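Report on one structure; see the data block that follows.
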Amino acid sequence: MRGGALRAVEVVSGALERIHRADPVLCAFLEVWAGEALRRAAEVDARVAAGERLPLAGVPIAVKGRHGLRTAGPLLTAGCVAVGATSVPGPGTPWQTWGLGAHGRTVNPWRSDRTPGGSCAGAAVAVAAGLVPLATGGDGAGSVRIPAAWCGVVGLKITGGLLPSPDRTGLAAPGVLTRTAADATAWWRAVRPPSGVDEAPVRRPLSAVWSPGLGFARPDPEPVASARSAAGRLVDAGIVRLVRPPERLSLLDPAPAWTALRTPGADRTGAHRVRAGNNRRLDALFAGTDLLLTPATPTAPHGHQGPGDVYSTALTWAFNVSGHPALSLPAGFGADGCPAGLQLVAPRGREDLLLAVAREAERRGALA
């Protein structure tokens, strides 16, 4: 579109048509802003024709929930066109790994009887189904990474506190869901603060520690096997090398700390103890290692009736409490035909490492 081969109006019209055809089944959107999106696309075309250089000229995006436009400013400035608001968990259930769109319950595009995960349910579905190439998200306990894993797309949660977040607890951080690592990188380049780490050449292979359960979780064998196979492909491609840390990584279970930090008036003494203890363990790990690799989720996608006894957040919310950036990469498929994810965790502020690994994995065909 920057070169004039395509017009933003054409591209956005195509996205709106795909949404019109598919969303009555997928239920990925709460609202679709067709008229406003086409008006915005025409403005982008006029700016490009006038010689303005917009890095993401005319790219159709979806935003998380009805208030998603509040944090999409940098993307709109870069030339993106917001086409609608994606589904998030609706009322009437205590669990968050589902979504409710304008047409009904959001379904996993790989199996309609399974949930896509949440709370960025519609965002993951819209990207996985090819309705838009990029959808914004927010991740307070795994809300980007869980649906990314269960829908087979890339999901990035950035370092806590690096960008503004409406979550006063400090647990939630902005994120993005995309079909490719290159698109996630384009998002990061558009939104990252000026003080962020520059994209320097990344030495390869990067050192990485594999942990199936972080020392406290008990994930199911199948997602562990899928993630471990994905880690093996990164090793075989020369992107990472697995190393054994001086001491086995064993984090404290963050569940009570996360709950206390989210509960107004709760005694947070124990939460601060857990956070400090895990921070010490993670700081020691990353002092000698580039990355930590885990399964993104402890289970396969559950049905719409709700999760079982294992929290879907078991392997993600530790890094909301600690603030480390984390990314879910597609790791293959389970016996049920649904995707699984490999979670990559990096030192705080090193989103560039996560994205470099993801791009190289795509380039070398190391993804499932």
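The values are calculated or read from the model by the stated rules, or taken from the named source; none is laboratory data. Nothing here was measured: the structure is a model prediction, and the numbers come from that model. Cβ sites come from the backbone with ideal geometry, for glycine too, and all protein chains shown count toward neighbours. Ligands, DNA and RNA are stripped out before the accessible areas are found, and what is left, the full protein with its side chains, is counted by its heavy atoms. Shrake-Rupley method; radii C 1.70, N 1.55, O 1.52, S 1.80 Å.
Under a 1.4 angstrom probe, counting protein chains only, how are THR97, THR263 ranked by accessible area, largest first?
From most accessible down to least: THR263, THR97.
Express in whole angstrom the spacing between the alpha-carbon centres of the range 313-368 and the range 171-240.
3 Å
Please list PHE319, PHE333 in order of solvent-accessible area, largest first, computed with a 1.4 Å probe with all protein chains present.
The ranking, largest first, comes out as PHE333, PHE319.
If you roll a 1.4 Å probe over the heavy atoms of the protein chains, what accessible area per residue do you get for the chain, in Å²?
On a per-residue basis, 41 Å².
Any number yet on Rg/Rh for the chain, C-alpha, Kirkwood? List each step's numbers first, then the result.
On the way: Rg = 19.6 Å, Rh = 20.4 Å.
Answer for the chain: 0.96.
Looking at the chain as a GNM with Cα springs under 10 Å, which of ALA300, ALA184, ALA257 has the largest mean-square fluctuation?
ALA257
Can you list residues whose amide H is under 5 Å from GLU31's amide H, if they're 5+ apart or on another chain and H is modeled 1.01 Å from N?
Amide H neighbours of GLU31, under 5 Å, 5+ apart: ALA85.
Over the range 228-332, with every protein chain in place, what whole percent of the accessible area is carbon and sulfur at 1.4 Å, could you tell me?
51 percent
For HIS272, HIS20, HIS302, what's the largest-to-smallest order of accessible area, 1.4 Å probe?
The ordering from most to least exposed comes out as HIS20, HIS272, HIS302.
Accessible area of CYS338, 1.4 Å probe, to the nearest 10 Å²?
The accessible area of CYS338 comes to roughly 0 Å².
Taking R0 as 22 Å, what's the FRET efficiency between GLU10 and GLU31 from their Cβ-Cβ distance, rounded to 0.05?
0.45
How large is ³J(HN,Hα), in whole Hz, for each residue of the range 236-242 in order, when computed from phi with the Karplus curve 6.51 cos²θ - 1.76 cosθ + 1.60 and θ = phi - 60°, using x for Gly and Pro?
4, 7, x, 8, 10, 10, 7
Under 5 Å between amide hydrogens, which residues at least 5 positions from THR297 or on another chain qualify, with H placed 1.01 Å from N in the peptide plane?
When sequence neighbours closer than 5 places are left aside, the close amide H contacts are GLY341.
Give, in whole angstrom and from largest to smallest, the semi-axes √(5λ) of the equivalent ellipsoid of the range 221-276, with λ running over the eigenvalues of the Cα gyration tensor.
Each semi-axis is the square root of five times an eigenvalue, giving 35, 14, 9 Å.
Describe numerically, in nm with one decimal, the distance between label points set 7 Å from Cα along Cα→Cβ at ARG268 and at ARG21.
Label at ARG268, label at ARG21, 5.0 nm between them.
In the range 56-124, what percent of the accessible surface is made up of carbon and sulfur (1.4 Å probe, ligands and nucleic acids excluded)?
56 percent
What residue among VAL176, VAL154, VAL243 has the largest mean-square fluctuation in a Gaussian network model of the chain, using Cα springs under 10 Å?
VAL243
Hey, can you grab everything whose amide H is under 5 Å from the amide H of GLY152? Only 5+ residues off in sequence or another chain; H modelled, so Pro and N-termini drop out.
For GLY152, whose amide H was placed from the backbone, there are no distant partners under 5 Å.
Would you kindly derive the ³J(HN,Hα) couplings of the range 283-292 from the backbone phi angles with the Karplus curve 6.51 cos²θ - 1.76 cosθ + 1.60 (θ = phi - 60°), listing them in order in whole Hz, with x for Gly and Pro?
With coefficients 6.51, -1.76 and 1.60, one gets 4, 5, 5, 6, 5, x, 9, 7, 9, 10 Hz.
With springs connecting C-alpha atoms under 10 Å apart, model the chain as a Gaussian network and identify which of ARG189, ARG105, ARG21 has the largest mean-square fluctuation.
With Cα springs under 10 Å in the chain, the top fluctuation among ARG189, ARG105, ARG21 is at ARG21.
Quick one: Karplus J couplings for the range 340-347, per residue in order, coefficients 6.51, -1.76, 1.60, θ = phi - 60°, nearest Hz, x for Gly and Pro?
The phi angles translate into 10, x, 9, 8, 10, 10, 10, x Hz.
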